[in-house]
Every structure is written in C-alpha cells, then in structure tokens.
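These notes concern the structure reproduced below.
The values are calculated or read from the model by the stated rules, or taken from the named source; none is laboratory data. Everything numeric in this text was worked out from a predicted model, so none of it was measured. Heads up, the Cβs are rebuilt from the backbone with ideal geometry, glycines too, and the neighbour counts pull from every protein chain shown. Note: areas computed on protein heavy atoms with side chains; ligands, DNA, RNA excluded. Shrake-Rupley method; radii C 1.70, N 1.55, O 1.52, S 1.80 Å.
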Amino acid sequence: MSAPSVLIAGCGDIGSRLASQLLPDDWTVYGLRRSIEKLPTGVLAVSGDLFDARIPAHWPEGRLDFLVYCATPTERDEAGYRAAYVDGLRHVLGWSERSGQKPKRLVFVSSSSVYGQQQGEWVDETSPAEATGFSGQVMREAEQVALESGVAATIVRLTGIYGPGRSDLMNRVRQGYSVASEPPLYGNRIHADDAAGLLAFLLRAAADGKVLEDCYIGVDDAPVPLAEVVDWLRKRLGVTEWSDANSVRRTGSKRCSNARIKALGWRPRYATYQEGYEAMLADQPN
C-alpha cells in the first residue's frame with residue numbers, strides 16, 4: 001500500500017510545520033501557496049492563489065487522499081476573512097472536484113473565536129458556537145461549508161498560537177505590558193509545533209482508518225489567567241518596570257478544553273505555557 005497523499009492549502013507557518021512532520025513518514029505532501037520558494041524541502045509545490053477561482057496550473061493529478069485547509073487572511077476585516085476562509089475553501093473544493101478527486105477527509109483549520117462565551121466558562125466541542133464578532137461568525141460559516149461539502153470533514157479549532165516567530169506577548173511584556181488580575185482574563189494557547197502535531201495526529205489517525213469526530217479543539221493542558229502568564233514572563237525576562245498605560249483591563253473570556261482530542265490519544269509536547277515559553281527562550285535567550 002502506497003503512502004498517503006495530502007494537499008495543504010495555505011501552506012504557511014503551521015502548514016509547513018505539518019508538512020515537516022509528515023514527510024519523514026513518506027507522505028506525499030503538496031503545498032499550495034503564492035510564494036512557493038518558502039515551502040520546506042520535499043514538499044511538492046503548487047503555486048496558486050486561494051482568492052482566485054481559476055484552478056492552479058500545477059494542481060496535482062490523480063489520487064489525493066487528504067485536504068488540509070490552513071489559510072490566513074490578507075486583510076483583517078470581514079471581507080478579508082470571507083475571502084480567505086469561505087471563498088478560498090470553496091475554490092479548493094471545486095478544484096479537487098473538477099480534477100475528479102474524492103479525498104478521504106478534509107481537515108479545516110478553524111479558530112476558538114467561533115465561541116462567544118465571556119464569563120470564564122469551560123468550553124468544549126459541544127458548547128454553543130455563537131460568536132458576536134465578525135471573525136468568529138465568518139469562521140463558523142466556513143466550518144459549515146466544510147461540513148456540507150460532501151467530503152468527510154474534521155474541524156480543528158485552534159486557540160492562540162505562539163512559538164518561534166510569534167513572540168508578540170514576550171515583546172509586549174518587555175515594553176511594560178500589564179494585565180489586570182481581577183476579574184481574571186483567561187488565555188487559551190497552543191504552541192505552533194503542537195498545532196501542527198495535532199493536525200498530523202488526525203491525518204495519521206484517518207489514514208489508519210480510525211473514526212474521527214467532526215470537531216476538535218486545539219489547546220494546551222492549562223488555560224490560565226493572562227495576568228499569571230505575564231507575571232511569569234516578567235520574572236523570566238527580568239522585567240522590573242511596567243506601565244499602567246499599557247494595561248489590559250477588558251473583561252470577558254473563556255477556558256477551552258482539550259479533553260476530546262486527548263481521549264483520542266493526542267498529547268501536547270508543550271502542555272503548559274511555561275514549557276512552551278522556556279523552549280522559545282532557549283532558542284532566543286535575549
């Protein structure tokens with residue numbers, strides 16, 4: 001039996017990390033993006049624009065076992081989100097259909113922004129996904145496109161991604177960032193390597209014939225108040241001064257659970273924020 005094939009549409013940071021985890025297992029990995037020179041070695045390049053309805057010239061022919069849709073909007077407004085997540089997904093599904101392909105599964109990378117809970121509640125895959133902001137609403141619309149596509153689909157709702165190249169919080173702490181401790185403003189996060197690892201875990205499970213749910217939340221083991229994370233980073237970075245002018249005092253947050261994906265056997269490499277940030281600091285001690 002030949003190794004599975006997968007096309008990662010929107011093969012940016014997370015998609016490239018996913019590809020790098022699958023390639024050692026002899027998967028055939030296609031990566032679709034506009035700047036194909038940024039793809040990892042070993043990925044079969046598909047130069048294309050998710051915003052363009054025309055099928056890419058080098059769309060793969062023949063069997064395509066899996067599709068991963070992992071887009072990023074170029075504009076952070078409602079139109080930009082709809083173009084990236086709704087229209088782009090429809091384009092990719094259309095290209096696959098026109099090529100006579102019937103993937104075994106579509107994995108759509110979504111966001112915990114689809115949840116509107118604001119009272120510190122624990123949220124899981126069965127919780128109402130009724131976002132009030134446009135980003136969550138559009139993402140929910142795109143999820144429905146995936147689930148109603150005629151291809152078996154799994155939605156992965158990632159929480160706040162951090163890791164190499166995603167050091168915004170550390171940089172803000174160095175600049176005097178402060179967070180009010182009461183009421184607690186919970187943060188939900190996942191290291192970029194774990195986000196890719198979760199996607200790889202699901203693809204391998206699907207390739208092995210395991211039954212998957214239609215939705216999983218991607219988050220580490222310890223959603224905690226953001227004030228705790230900021231305090232820990234201050235001590236770890238040696239920051240002794242901070243500014244109330246840079247303080248975050250907004251209220252409203254939720255806590256996301258990873259119980260469903262852990263029940264399937266997945267474990268994050270960086271289970272807590274301390275582990276993840278320590279790894280980042282080890283790579284970039286300054």
Report summary line: The residue that is surrounded by the fewest Cβ atoms within 10 Å (Cβ to Cβ), considering only those in the stretch 105-140 that are within 30 Å of D65 (Cα to Cα) and charged (D, E, K, R), is D124
Query raised in the report: Hey, among A57, A71, A129, A45, which residue is touching a residue at least 60 places away in the same chain (Cβ under 8 Å), hydrophobic (A, V, I, L, M, F, W, C) and touching a strand residue (DSSP E or B) at 6+ places or on another chain (Cβ under 9 Å)?
Result: A71
Query - Count of residues meeting criterion [aromatic (F, W, Y) and at pLDDT below 95] in the stretch 129-181 - result: 1
Report summary line: Residue pairs qualifying under the 8 Å Cβ cut-off, at least six apart or on distinct chains, with the first in the stretch 256-274 being over 19 Å from L169 (Cβ atoms) and among the basic types (K, R) and the second being open to solvent by 20 Å² or more (accessible area, probe 1.4 Å) and not in a helix (DSSP H, G or I), are R260/D124; R260/E125; R260/E213
Query raised in the report: among the β-branched types (V, I, T) and either free of Cβ contacts under 8 Å to residues at least 40 places away in the same chain or closer than 24 Å to V6 by Cα (or both) - does that describe any residue in the stretch 161-176?
Result: yes
Query raised in the report: Which of the residues spanning the stretch 127-156 are part of a loop (DSSP other than H, G, I, E, B), in contact with a Lys or Arg (Cβ under 9 Å, 6 or more places away or on another chain) and of a type in the set (S, T, N, Q)?
Result: S127, S149
**Report entry** Odd one out for L93, checked against (1) open to solvent by 20 Å² or more (accessible area, probe 1.4 Å); (2) assigned to a helix (DSSP H, G or I); (3) more than 25 Å from R204 (Cβ to Cβ)
**Finding:** (3)
**Report entry** helices (runs of 4 or more DSSP H) within the stretch 184-278 that include 2 or more residues surrounded by 18 or more Cβ atoms within 10 Å (Cβ to Cβ) and out of contact with any Cys (no Cβ under 7 Å at 6 or more places or on another chain)
**Finding:** 192-207, 226-237
**Report entry** Complete set of residues in the stretch 1-12 that are of a type in the set (G, A, S) and either modelled with pLDDT of 95 or more or part of a helix (DSSP H, G or I) (or both)
**Finding:** S5, A9, G10, G12
Query - G100 without any contact (Cβ under 8 Å) to a residue 24 or more places away in the chain, at positive phi and over 18 Å from the mean Cα position of the chain (by Cα) - result: yes
